[in-house]
1. Over 25 Å between Cα atoms: which of Lys219/Lys376; Lys286/Lys430; Lys376/Lys409; Lys50/Lys84; Lys219/Lys286 fall into that group?
2. Counting alpha carbon pairs within less than 8 Å and at least 6 residues apart, what relative contact order, in whole percent, applies to the chain?
3. Hey, what's the stretch 571-683 come to in accessible area per residue, 1.4 Å probe, Å²?
4. Work out the length of the dipole vector of the chain about its Cα centre, built from +1 on the beta-carbon of each Lys and Arg and -1 on the beta-carbon of each Asp and Glu, and round it to the nearest 20 debye.
5. Rounded to the nearest whole Å², what accessible area per residue is found for the stretch 2-96 with the 1.4 Å probe?
6. Can you give me the Cα centroid spacing of the stretch 172-204 and the stretch 225-264 in angstrom?
7. Using Cα-Cα distances under 8 Å and only pairs 6 or more residues apart, what relative contact order does the stretch 2-96 have, in percent?
8. Starting from the Cα of Glu731, step 7 Å along the direction of its Cβ; do the same at Arg580; then give the gap between the two resulting points in nm.
Amino acid sequence: MEQRLKIIVRGVVQGVGFRPFVYRLARSHDLGGYVANTDQGVTIEVQGEKARVAEFLDRLRTDHPPLAEITDVEIAELPLNSRKAFSIEGSTSVGEEEALVTPDVATCDDCLRELRDQDDRRYRYPFINCTNCGPRFTIIAHLPYDRPRTTMRAFRMCPACDAEYHDPADRRFHAQPNACPVCGPSLTYVAEDGSEVRGADPLAAAVDALRAGKVIAVKGLGGVHLACDARRDDVVARLRARKDREEKPLAIMVSGMEEVEALCEVCPEERALLVSPRRPIVLMRKRQGAEISDLVAPHQKYLGVMLPYTPLHHLLLRDSGMVLIMTSGNRSEEPIVHTNPGALDRLTSIADGFLLHDREIETRCDDSVTRVWRGKELIVRRSRGYAPLPIEMPVGCDRSILACGGELKNTFCLTRGSEAILSHHIGDLKEEPAFDSFVQGIEHLRRLFHIDVQVVTHDLHPDYLSTRYALSLEGVRNVGVQHHHAHVASCLAEHGRDEPVIGISFDGAGYGPDGTIWGGEFLIADLGGYERAGRLAHLSMPGGDRATEEPWRMALSLLYRVFGEDLPPLRCAAVRERERRGWPVLARMIDVGLRTPLTSSAGRLFDAVASLAGVRDYISYEGQAAIELEMAADEREPGAYSFGLSVEPGEDGKEVLVVDPEPMVHELVSDLLAGQEASIVAARFHRGLAQITGQTAQRIRDRGGPGTAVLTGGVFQNMFLCELVAGELEERGFEVLVHSRVPPNDGGISLGQAAVAAVRSR
Ligand SMILES: [Zn+2]
Ligand SMILES: [Zn+2]
Ligand SMILES: [Zn+2]
């Protein structure tokens, strides 16, 4: 019995090697018909023996290329025809080219086998790839995606590669970066003295340097890494000193799962992320006594680990047999270096040697950072391997939107209907190089996706470079979105929701429309708007921005708020500094509000407590004090500090609930005076804050507020707090939404802005 079916497959099925896969599958099942990309997805017609057609359908779902994600398969029966052959048809619409920008993909198992096969013509070739793996987004200059429009245009395929490229039965059919040692990119090693090694030896030279304890720059997929021995304190200390990165944790790369397990406690979901084709850095609990330098991630419970994702990484890790630090090649907060001249110019003071190659990187793309919370991914930095895959928003808009994001951890976002194309990680938009990268990134993605921007949305902070850029664009409609509303909206959007929720945004800082700095907010919000229903009490920030860099200032502010001039005899930096610097001046600053903005920021409250507890008085990277307070907390400690809850009139006459830290400060101070450990103090603060957060949400719901709560903002990268707050809310019957596909930090802001602007532009 024969059967003829028309099958439409939807999901991520274009530009991922799906058509050649279908071709091979159909041929191996003796089916006639065709496969084509259409604007509906991939359309297939097959005809053949009924049992074979059924098996074809099964394997279509189970054996598809690793990058493909099938969301829907539609099947219709057709009358039989006489077609016996199977073919790949050209695309039937212009929509195809837009669908074809896929993220970069880690080296697949088939290529790895060849890489290690002495008889293969690509044995140990550092640029081996196929239809299922290799560079994509980072090498595409224009669309449609084919070789002349990628940075592979510089390499002409040899006859053997060309034959593979044109053979539909070959796994390198239309693999645009296809290459081999004869025709493709090659390595160079530039040593300390400027001498160059080419040919087969560059890798060996790099491995020798690593073994000798040198720091080397390694050009990879989306940029240049700085690599060195992660087990030697002296080496890691040297890297830190040269990179001007005192304590911020560094990511490491290890050769395989066995090595990961030796360093970290790994759950099945973490394992799945580690080995996924996206190959992010996964934050996992570090094992006691893990064989790694303490300087890699000082004061941390977690280690950021990734597996090799390019053939070059595989060779480097296997040949060296080392655990390597693999951190972004940049000087402090500059964007990651992604060109050979850039590496030799910007990184000479950091790296002792340079392992470079001649395949250019069109778009720089940092490693993604992710983690698992309650068995689900909770991404921290969404970049390589993820960008520029679109995220489906619950709202569509006829007009195309550019969302410019925030200032720190910037990403931007473009929309097409209800699709949000979230950019790769741009970084902190404080300096000129990062801003250039932001502008270039926007132009590049606009060009790739043919997006003619009509609406531009931005943060309310007038001094953010992203805001200034948004307001400088002509002929567009501008939509300003409050920072924390954008945080809440981003979480709603990624969950496909748009009804009102209690958005709990605990964050570092965001521009408040009332002239204060927001960051500990309870907003009744949907995508269209918000109402401030509650907040943390205001704290003064003596010295303005300096209070962010010097948590002892926040500690002093908190003590002053509670005790006035009569400070308790604590042995902490706040009390010491008050003696040394002359308290009256600072007190007067706070009293008259001179260079002393008010903030409801949860991040600053964490800073204050971290300093009081003796954990951190000065920081060397954003959020350090709050992070170390989380790390210090003894999770088994059941105690909790008390907070007050009062009612104050808001701007529009409505009442706002205010979380008062005063009782907490009294209990904290008496604990400290009694000599209580920082681990206990930190835990009690976390639990107390979680409890009052639950109570505040409940009060808001009791007054008619929504029964769903959203947890968002940078502070909710604190897994201990996230778990406690979610638990408090669930106990009270709330549905709790937490981020998964976009970061809770400012990397998610642009998606939220886009969703808000989509609603407001309808
Ligand atoms: Zn491959
Ligand atoms: Zn070749
Ligand atoms: Zn924020």
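The values are calculated or read from the model by the stated rules, or taken from the named source; none is laboratory data. Because the structure is predicted, anything quoted here is derived from the model rather than measured. Counting neighbours? That spans all protein chains shown, and the Cβs are built from the backbone with ideal geometry, glycine included. Remember, those area values only see protein heavy atoms, side chains included, never the ligands or the DNA or RNA. Shrake-Rupley method; radii C 1.70, N 1.55, O 1.52, S 1.80 Å.
1. In this structure, Lys219/Lys376; Lys286/Lys430; Lys219/Lys286 lie more than 25 Å apart at Cα.
2. Contact order relative to length: 11 percent.
3. 45 Å²
4. 840 debye
5. Per-residue value: 47 Å².
6. If we compute the Cα centre of each part, the gap is 25 Å.
7. 46 percent
8. 4.1 nm
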